[in-house]
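Colleague: One structure follows; several queries about it will come next.
The values are calculated or read from the model by the stated rules, or taken from the named source; none is laboratory data. Values in this document were obtained by computation on a predicted structure and should not be read as measured data. Cβ placement follows ideal geometry from the backbone for every residue including glycine, while neighbour counts extend to all protein chains displayed.
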Amino acid sequence: MIRRGLDRDEEGFIALIRACWAEHPGIVLDVDGELPELRALATYYASKDGMLWAAEADGRIAGMVAAAPRGNDVWEICRVYTHPSTHGSGLGQVLLDTAEGYARAAGAARLVLWSDTRFDRAHRFYEKHGYVRHGPIRVLHDISNSLEFGYSKPVAGIEVLDAAAAASAEKRLAEILCACVEAGASVSYLPPLATDVARGFWKRMAADVAAGTRILLAAWDDAMLVGTVMLEFASSPNQPHRAEVQKLLVHPVARRRGVARVLMARAQAEALRAGRTLLTLDTRAGDAAEALYRSMGWHEAGRIPGYALNADRTPCDTIFFWKTIATPFADTPWAC
């Protein structure tokens, strides 16, 4: 049962956090010395215009979560804990959905959180739910010598991922790539695409981002990471003005919402910001993407019959497009 957290849940909250931290040697819980707010946690979050929730199971506190505003439509998700005995039960997702839903109803446009660098399981959980690494590591200067990763995601919109964010998005981007290939997308791979192969691809892309040879964009809708597109900078000395648009992907469950169009608009803006004024790309003839590119002013340079294979291993034609840009293309208020 999920209910509002109360000050009288003090001992239950402390026992829960102690059980979670016990899985990580070196982390010390000193309530009165470092976390006195645990003695009246509901009051603490109420004073911050936030909210606290508790999960009860078998007469004990089995989980907790809180949410509080941080200004400028940013809300922080805090104190996400589930008892180790409940791991894998889905309780963490219910708690996170509860806190995120409350924050979004209150007008949150961005959700942020912090997680100890030792909490690998938590990192995988947050990344599964669309969060990516954001900003520098935070030093707490506590008796546990804690360092924390920052995580962030917009409720809806497009963002450029740096190398750290790209690495943390690897699993989710792999899921999107696999789903698109399974749905028949012509993006270099054939179904079934193994997850480890897809993750290996995104690991290489994150390395390119770190090297400065590629821009990686990600799209969120309904607080989930649902799409991506990339710009690869031409490396030839005589082409400093050119970039290639690659891997425009939108998860099948998020299609027909305008995500692909906004990704392309933002990619064009980022190319222009990077001084790239000639863009190129290729796509399978007859794909929905072909109509999108033509509607956004792309010009056909030509086509090659049988250039690639369809999912059923039959040959298909590929069309090559180009576009020169001078100003950003943005025909939707969803662009950001």
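Colleague: Whether any residue in the range 73-84 is assigned by TED's automatic domain parsing to the domain that holds residue 105, acidic (Asp, Glu) and more than 24 Å from the chain's Cα centre (by Cα) is what I want to check.
Modeller: No: the range 73-84 contains no residue that is assigned by TED's automatic domain parsing to the domain that holds residue 105, acidic (Asp, Glu) and more than 24 Å from the chain's Cα centre (by Cα).
Colleague: Go through 122, 165, 183, 156 for me and flag whichever is within 19 Å of residue 231 (Cα to Cα) and small (Gly, Ala, Ser).
Modeller: The unique qualifying residue is 165.
Colleague: If we only count helices (runs of 4 or more DSSP H) wholly inside the range 107-219, which ones have 2 or more residues that are surrounded by fewer than 18 Cβ atoms within 10 Å (Cβ to Cβ) and in the same structural domain as residue 78 (by TED's automatic domain parsing)?
Modeller: 120-128
Colleague: Follow-up question, since we're still on this one. Given the conditions (1) surrounded by 21 or more Cβ atoms within 10 Å (Cβ to Cβ); (2) among the aliphatic types (A, V, I, L, M); (3) assigned to a helix (DSSP H, G or I), and given that residue 226 satisfies all but one, which numbered condition is not satisfied?
Modeller: (3) is the only condition that residue 226 fails.
Colleague: Can you name every residue in the range 67-101 that is free of Cβ contacts under 8 Å to residues at least 40 places away in the same chain, of a type outside the set (S, T, N, Q) and not in a strand (DSSP E or B)?
Modeller: Answer for the range 67-101, where residues must be free of Cβ contacts under 8 Å to residues at least 40 places away in the same chain, of a type outside the set (S, T, N, Q) and not in a strand (DSSP E or B): 73, 87, 88, 90, 91, 92, 96, 97, 101.
Let's see how each residue does on (1) among the small types (Gly, Ala, Ser); (2) exposed (fewer than 13 other Cβ atoms within 10 Å of the Cβ):
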| residue | (1), (2) |
| --- | --- |
| 36 | no, yes |
| 52 | no, no |
| 67 | yes, no |
| 86 | no, no |
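Colleague: When residues of the range 25-55 are filtered for being modelled with pLDDT of 95 or more and farther than 20 Å from residue 103 by Cβ, how many remain?
Modeller: 13
Colleague: With respect to residue 97, is the statement that it is within 25 Å of residue 159 (Cα to Cα), assigned by TED's automatic domain parsing to the domain that holds residue 139 and touching a helix residue (DSSP H, G or I) at 6+ places or on another chain (Cβ under 9 Å) true?
Modeller: no
Colleague: Cβ contacts < 7 Å: first residue touching a residue at least 24 places away in the same chain (Cβ under 8 Å), restricted to the range 228-249; second residue part of a loop (DSSP other than H, G, I, E, B) and basic (Lys, Arg), any location; separation 6+ or different chain. Result?
Modeller: Pairs found: 233/276; 241/276; 242/276; 243/276.
Colleague: Please enumerate the residues belonging to the range 258-296 that are farther than 23 Å from residue 214 by Cα, out of contact with any strand residue (DSSP E or B) (no Cβ under 6 Å at 6 or more places or on another chain) and assigned to a loop (DSSP other than H, G, I, E, B).
Modeller: Answer for the range 258-296, where residues must be farther than 23 Å from residue 214 by Cα, out of contact with any strand residue (DSSP E or B) (no Cβ under 6 Å at 6 or more places or on another chain) and assigned to a loop (DSSP other than H, G, I, E, B): 258, 286, 287.
Colleague: Next question. Given the residues 318, 283, 314, which is the only one that is within 29 Å of the chain's Cα centre (by Cα) and of a type in the set (Val, Ile, Thr)?
Modeller: Only one candidate qualifies: 283.
Colleague: Let me ask something additional. Scan the range 144-160 residue by residue and report those that are out of contact with any helix residue (DSSP H, G or I) (no Cβ under 7 Å at 6 or more places or on another chain) and in contact (Cβ under 8 Å) with a residue 40 or more places away in the chain.
Modeller: Across the range 144-160, the qualifying residues are 144, 145, 146, 152, 153, 154, 156, 157, 159.
Colleague: Of the residues that make up the range 317-336, is at least one more than 21 Å from residue 158 (Cα to Cα) and either in a loop (DSSP other than H, G, I, E, B) or modelled with pLDDT under 95 (or both)?
Modeller: No, the conditions are met nowhere in the range 317-336.
Colleague: Limited to the range 255-286, what total is found for residues that are more than 21 Å from residue 180 (Cα to Cα), crowded, with 19+ Cβ neighbours inside 10 Å and hydroxyl-bearing (Ser, Thr, Tyr)?
Modeller: 0
Colleague: Out of everything in the range 88-106 that is over 19 Å from residue 20 (Cα atoms) and either among the polar types (S, T, N, Q) or surrounded by 20 or more Cβ atoms within 10 Å (Cβ to Cβ) (or both), what residue ends up being nearest to the chain's Cα centre (by Cα)?
Modeller: The selected residue is 100.
Colleague: Using the structure shown, decide if residue 76 is surrounded by 16 or more Cβ atoms within 10 Å (Cβ to Cβ), charged (D, E, K, R) and either at pLDDT 95 or above or out of contact with any Gly (no Cβ under 6 Å at 6 or more places or on another chain) (or both).
Modeller: The answer is yes for residue 76.
Colleague: Considering the range 297-314 alone, what residues qualify as being assigned to a strand (DSSP E or B) and either in contact (Cβ under 8 Å) with a residue 60 or more places away in the chain or of a type outside the set (Gly, Ala, Ser) (or both)?
Modeller: Scanning the range 297-314 gives 299, 300, 303, 304, 305, 307, 308, 309.
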